[in-house]
Structure formats: structure tokens, C-alpha cells
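Novice: What follows is a structure written as C-alpha cells; I'll ask about it next.
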Amino acid sequence: MNIFLMLYPTFEFASGVLAIVVALRALRNYNLSGEKIFLGYEIAFLLIGTSSLLRSIILVETILSSVRTAIPVNAFSEMLQSILSLVSYLVLLYYQLKTSYESIEESLELVPFFMISTGINFINALILLYLSLSVLIRYINSRKRSQMIVSLGYFLLSLSHMSYFIRMRFGVALVLENSFRFLGLILFIVMLSETKKVEK
Amino acid sequence: MSFKKYRSNLSIIVDILNAIKEEGRIGKSRIMQKANLSYDRLEPRIGELLRRGLIEEVVDENKILYQLTEKGYTFLNEYQKMKAFLDAFGLEI
């Protein structure tokens with residue numbers, strides 16, 4: 001057996017322990033203060049820690065077992081870890097948003113809507129970043145100016161969606177969101193003029 | 001939608017404890033003044049602090065005053081750590 005393979009579960013296990021230390025600290029704070037926010041952080045970090053510990057155990061099991069059984073078991077553990085991580089990140093996101101908006105009275109019931117917007121903006125930003133990188137890779141191969149412009153356009157649109165996260169804290173950042181979107185779309189117009197040159 | 005920032009229960013409790021800590025021994029009206037609280041909001045919290053053993057009642061010249069207990073001082077120290085914990089995550093109590 002390759003001894004270096006054991007490094008994966010070791011790091012995973014250590015990550016789990018670290019997350020649980022944070023969870024215990026949050027639990028202690030909750031017991032002292034009774035503030036629900038600490039309970040939320042306790043649950044979130046406990047889930048992160050538990051998922052890492054479970055994964056480390058499964059990794060040891062897969063390293064020690066045959067490849068035939070290792071692949072499905074590993075796939076299952078990865079799925080489980082992703083789900084637990086998603087739940088924990090949603091809890092963290094909820095409290096982050098709740099704190100951001102609780103200074104505005106009568107807006108706490110809107111937190112679920114803000115959560116959905118945040119999630120969608122994050123997905124939008126990632127999709128646009130992926131599109132930008134894909135076109136950039138094509139540009140590196142072909143050196144077509146229009147592809148570079150489109151890549152930059154996608155990137156600016158992605159930045160526009162990322163600005164949403166800054167706007168949650170600082171309302172004035174709305175100008176960033178609008179500017180990035182406007183500049184991104186201008187680049188698409190520039191791209192159109194570039195393609196017209198080709199047509200001529 | 002108004003933009004009035006409100007204090008959490010924990011912040012109010014800490015404001016009360018700090019008011020008591022600053023004066024050593026203090027009456028209700030002075031606490032109300034220092035912690036910027038109405039009587040209705042102060043009264044249940046004084047009861048809560050007494051129940052949790054964070055403050056104690058002392059009678060001085062027929063006046064009821066409040067002072068921090070050892071547990072109260074420890075709680076104020078712990079609050080700084082809690083605040084730092086949330087601060088690290090970009091949150092406020």
C-alpha cells in the first residue's frame with residue numbers, strides 16, 4: 001500500500017477536527033448567551049466537521065479495499081459530503097443575510113427571498129465566469145479579437161453578479177453592479193461591430 | 001421600511017452589565033439612564049440577570065442597588081470573546 005495515499009484521509013480527518021473545534025466554541029457561546037446565531041454556527045460547523053470525519057473514514061476504507069468497491073463507495077461519500085456542506089453553507093448564508101438585513105425593521109421575513117437571490121446571483125456569476133474562461137481559451141488558440149471582447153464582456157457581467165454580494169452590505173455598491181453590467185453589454189456591442197468588419 | 005437599528009437582547013444585557021460595572025453599585029433609574037432603556041424593557045432583564053446569577057441585589061440606606069457578581073464579570077469577559085468570534089465572520093451581535 002502506498003503510504004502517501006494515507007495523507008488524504010489524514011488531512012480530511014484533521015479538517016473535520018478543526019471544524020468541530022469551531023463548532024464547540026460556537027456551542028459554548030450559545031450556552032452562555034442564548035443567542036440563536038451561535039447555535040446556527042454550531043450546527044453549520046458541526047455538519048462541516050462531521051462530513052469531513054465521515055469522508056476520512058470512507059477514504060481509509062476505500063484505500064484498504066479493492067478498486068471495484070472503492071469507486072462507488074467513494075462516489076457516495078463525495079455526494080454525502082457535498083450535501084452536508086451545502087446545508088451548512090446555507091445555514092451560514094442565512095445568518096449572514098439575517099445580520100445584514102436586521103437593521104431594517106420588518107424585513108426579516110424577506111430573508112428567504114434574499115437567500116434565493118444570493119444563490120441565483122452566485123450561480124449566474126459562476127456560469128458567466130465559466131463562459132468567459134471558455135471563450136478566453138478559444139481566443140488563446142485562435143487570436144480572434146472578437147473572442148477576447150466577448151470573454152471580457154462575460155467577465156464583466158460575472159463581476160456584476162458578484163457585486164450583488166457587496167451590495168448586500170453596502171447599498172452604494174449598486175453602482176458597481178450597474179456599471180459592470182453596462183460595460184459588459186457595451187463590449188458585446190463592440191463585438192458586433194467587430195463581426196461587421198469581417199462581413200465586409 | 002424604517003432604518004432604525006435595534007439592539008439584540010444580548011447587547012441590552014451587556015449594556016446593563018457595563019452600566020453596573022462602571023458605577024460599582026447602581027439603582028434602576030441610573031441603569032435606565034446609562035443603558036438607554038425604558039422601565040418596561042429594564043424590569044424583565046433585571047429579573048433575568050438575577051436569575052442567572054450575573055448580578056445581585058444589595059440594600060444600601062433603604063435603596064435597592066445592583067452589583068455585578070463574579071459570574072457577571074466573567075460573562076462580560078466572555079462577551080468580548082463572543083463579539084470577536086462573530087466579528088471574525090463579519091457579523092454583529
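Please treat every number below as a calculation from the coordinates, not as lab data. The structure displayed is predicted, hence computed values, not measured ones. Every residue, glycine as well, gets a Cβ built from its backbone with ideal geometry; the counts of neighbours run over all protein chains shown.
Novice: Which angle from 0 to 90°, rounded to the nearest 10, does the C-alpha axis of helix A:67-101 make with the longest principal axis of chain A?
Specialist: Helix A:67-101 sits roughly 70 degrees off the main axis of chain A.
Novice: While we're on this one: With N residues in the protein assembly as shown, what two-decimal value do you get for its Cα radius of gyration over 2.2 N^0.38 Å?
Specialist: Compactness ratio reported: 1.43.
Novice: I've got another one for you. Which net charge results for the neighbourhood of B:Glu23, defined as the other residues with beta-carbon distances under 10 angstrom from its beta-carbon, given Lys and Arg at +1 and Asp and Glu at -1?
Specialist: Local charge sum for B:Glu23: +3.
Novice: Please list, or write none, the aspartates and glutamates whose alpha carbon is within less than 19 Å of the alpha carbon of B:Lys34, excluding same-chain residues fewer than 8 places away.
Specialist: B:Asp15, B:Glu22, B:Glu23, B:Glu43, B:Glu48, B:Glu56, B:Glu57
Novice: For the range A:3-100, with equal point scatterers placed on the C-alpha atoms only and solvent neglected, what are the log10 I(q)/I(0) values from the Debye formula at q = 0.13, 0.17, 0.23 1/Å, to two decimals?
Specialist: After summing over all Cα pairs, the log10 values are -0.51, -0.75, -1.08.
Novice: Could you give me the ³J(HN,Hα) list for the range A:115-126, computed from phi with Karplus coefficients 6.51, -1.76, 1.60 and θ = phi - 60°, whole Hz, x at Gly and Pro?
Specialist: 4, 5, 4, 4, x, 5, 4, 5, 5, 4, 4, 5
Novice: To continue, here is another question. Note down the relative contact order for the range A:3-100 as a percent, whole number, built from C-alpha pairs under 8 angstrom at least six residues apart.
Specialist: Answer for the range A:3-100 is 32 percent.
Novice: Moving to a separate point now. Which entries in the list A:Lys36/B:Lys63; A:Lys98/B:Lys63; A:Lys36/B:Lys21 go over 32 Å, if you measure between the two C-alpha atoms of each? Can you show the working numbers first?
Specialist: On the way: A:Lys36/B:Lys63 36 Å; A:Lys98/B:Lys63 42 Å; A:Lys36/B:Lys21 26 Å.
In this structure, A:Lys36/B:Lys63; A:Lys98/B:Lys63 exceed 32 Å between Cα atoms.
Novice: While we're on this one: Normalised by the residues of chain A, what does the relative contact order come to in percent, with Cα pairs under 8 Å and at least six apart?
Specialist: 14
Novice: Further question: Other chains' Cβ within 10 Å of B:76-87 residues: what's the mean?
Specialist: The per-residue average across the peptide is 3.
Novice: Here is a further query. In degrees, nearest 10, range 0 to 90: what is the angle between the Cα axis of helix A:7-33 and the longest Cα principal axis of chain A?
Specialist: 80
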